[in-house]
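S.K.: Got a structure here, written out as structure tokens. Questions coming.
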Amino acid sequence: MDMQTIEQLQKLLNRPLALRGREAGNRLWLAPMAGLGHVAFREVVDGFGGCGLLFSEMCTARGLDTENRHTSPTFRWRDQESGRLVVQISGADPREMALAAERVAREGLFGVDVNMGCSATALTKRGAGAALLREPERAAAVVRAVRQAVDRVDPAMPVLVKFRTGWSPDPGPAVEMAAVLAEAGADALVFHPRVAPDRRTRPPVWEHIRLVAGAASVPVFGNGNVQTPEDCLRMLESTGCAGVSVGRMAVARPWLFASWSSGREFGPQVYREAALQLLDALELHFDSQRAVQRYRKFAVYLAANFCYGHSLLPGLIKGNSLEDFRHTARTLLQDGLKTGTRPSVHLFTR
Ligand SMILES: Cc1cc2nc3c(=O)[nH]c(=O)nc-3n(C[C@H](O)[C@H](O)[C@H](O)COP(=O)(O)O)c2cc1C
């Protein structure tokens with residue numbers, strides 16, 4: 001990337017953003033990802049630095065008010081990240097969502113995010129996630145209830161909503177939904193311009209980010225297929241979004257926040273180092289079975305970095321223990337492996 005692009009990207013990303021009574025340090029955020037954005041992964045991201053806000057995995061609202069943060073697989077964090085952590089909650093019942101949000105507020109975390117983006121059937125059949133986009137009144141009731149619950153504990157805490165285009169390719173309903181959500185009390189929105197139930201096979205329509213961001217009265221972050229610093233700059237410049245939320249590419253390269261926001265350069269050993277760091281963090285935070293499962297999920301995205309990623313992957317996840325994976329990472333992730341600028345599409349749409 002040329003110097004001018006790097007400088008322009010940094011200028012746009014490194015603008016603090018006031019959200020209600022808090023401030024996000026920059027405008028490059030980690031997207032919420034079930035099974036991937038757990039406490040161990042976020043520790044690795046944090047180690048490299050440069051991420052303005054970290055988002056938790058989706059946490060089911062039901063029962064969250066009494067959840068034990070030291071045993072829950074999803075509602076778990078390090079004290080060091082609490083000032084930058086947004087917990088994402090999912091559900092369809094305003095009362096349940098309010099109870100969950102109140103708990104998040106009591107923990108003194110940065111913010112709470114309402115999931116209106118996930119189109120997995122497990123969620124949508126209960127009216128949660130992207131299903132809420134079919135019911136604007138219920139969506140507004142959820143956000144209002146969440147806002148009121150948070151206000152009772154910590155009026156300075158922002159409420160965010162992550163949503164997608166909706167259930168038809170027409171962007172009109174998303175533009176209207178942005179107004180409904182802001183009116184109900186959302187302080188910022190993260191918009192993924194894809195139609196439900198399409199998961200990630202067809203490209204997101206960035207033009208719809210421009211429409212939503214242009215019409216909304218609160219900051220709108222863009223999300224979807226940002227893989228390179230050039231993509232990031234293009235999304236910012238072509239859509240006018242307030243910032244960018246990165247998902248899968250951040251799993252493939254947890255150092256990208258540091259690289260894009262500060263221009264830090266990383267050598268070829270960083271792939272191995274990141275894998276080993278994650279293995280240590282998984283060992284610290286999870287029991288061995290869960291740690292092994294989570295490493296296997298991560299390894300798909302790690303492998304996607306490499307030109308022959310699909311043939312590398314089986315070797316990377318060979319074995320049944322973190323110690324096995326340490327061995328495979330040290331042996332297979334050699335400095336000379338050829339990487340592409342973009343990840344393997346085949347592995348990325350898994
Ligand atoms: C494995 C996986 C799990 C995800 N889980 C969630 C989730 O729990 N909540 C959510 O709002 N989005 C979830 N997403 C969607 C991402 O936040 C993001 O919108 C999507 O991956 C597109 O962004 P990207 O191209 O930068 O990855 C998930 C995505 C992936 C790949």
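The values are calculated or read from the model by the stated rules, or taken from the named source; none is laboratory data. Just so we're clear, the structure is a prediction, and the values are computed from it rather than from any experiment. FYI the Cβ positions are ideal-geometry reconstructions off the backbone, even for glycines, and counts take in every protein chain you see.
S.K.: Among all residue pairs at least 6 apart or on different chains, which show Cβ distances below 6 Å where the first residue, located in region 71-100, is β-branched (Val, Ile, Thr) and the second is crowded, with 16+ Cβ neighbours inside 10 Å and part of a loop (DSSP other than H, G, I, E, B)?
M.R.: Qualifying pairs under 6 Å: Val86/Leu53; Val86/Phe110; Val87/Leu109; Ile89/Ala61.
S.K.: Can you tell me which residue is nearest to the chain's Cα centre (by Cα) among those in region 144-199 that are under 19 Å from Leu85 (Cα atoms) and among the charged types (D, E, K, R)? First the steps, then the outcome.
M.R.: Initially, region 144-199 is screened for residues under 19 Å from Leu85 (Cα atoms), giving 146-147, 149-151, 153-163, 186-191.
With the extra rule that they be among the charged types (D, E, K, R), the set shrinks to 147, 151, 154, 162, 187.
Details: Arg147: 21, Asp151: 25, Asp154: 24, Lys162: 10, Asp187: 17 Å.
Taking the candidates together, the pick is Lys162.
S.K.: What are the residues in region 234-254 that are touching a Phe, Trp or Tyr at 6+ places or on another chain (Cβ under 9 Å) and under 19 Å from Met3 (Cα atoms), if any?
M.R.: Arg234, Met235, listed by residue number.
S.K.: So, of the residues in region 61-75 that are within 17 Å of Gly111 (Cβ to Cβ) and within 15 Å of the ligand (Cβ to nearest atom), which turns out to be surrounded by the most Cβ atoms within 10 Å (Cβ to Cβ)?
M.R.: Ala61
S.K.: Is it fair to say Arg290 is touching a His at 6+ places or on another chain (Cβ under 7 Å) and within 16 Å of the ligand (Cβ to nearest atom)?
M.R.: Working: touching a His at 6+ places or on another chain (Cβ under 7 Å): no; within 16 Å of the ligand (Cβ to nearest atom): yes.
Criteria not met by Arg290.
S.K.: With Gly185, Gly243 as the choices, which residue is within 14 Å of the ligand (Cβ to nearest atom) and either among the aromatic types (Phe, Trp, Tyr) or not assigned by TED's automatic domain parsing to the domain that holds Ala304 (or both)?
M.R.: Of the residues listed, the single one that is within 14 Å of the ligand (Cβ to nearest atom) and either among the aromatic types (Phe, Trp, Tyr) or not assigned by TED's automatic domain parsing to the domain that holds Ala304 (or both) is Gly243.
S.K.: Please count how many residues of region 203-240 are more than 12 Å from the ligand (Cβ to nearest atom), surrounded by fewer than 18 Cβ atoms within 10 Å (Cβ to Cβ) and of a type outside the set (S, T, N, Q).
M.R.: Looking only at that region, the number is 8.
S.K.: Within 16 Å of the ligand (Cβ to nearest atom) and touching an Asp or Glu at 6+ places or on another chain (Cβ under 8 Å): does that describe Met58? Don't jump to the end; show me each part of the working.
M.R.: Details: within 16 Å of the ligand (Cβ to nearest atom): yes; touching an Asp or Glu at 6+ places or on another chain (Cβ under 8 Å): no.
Answer is no for this residue.
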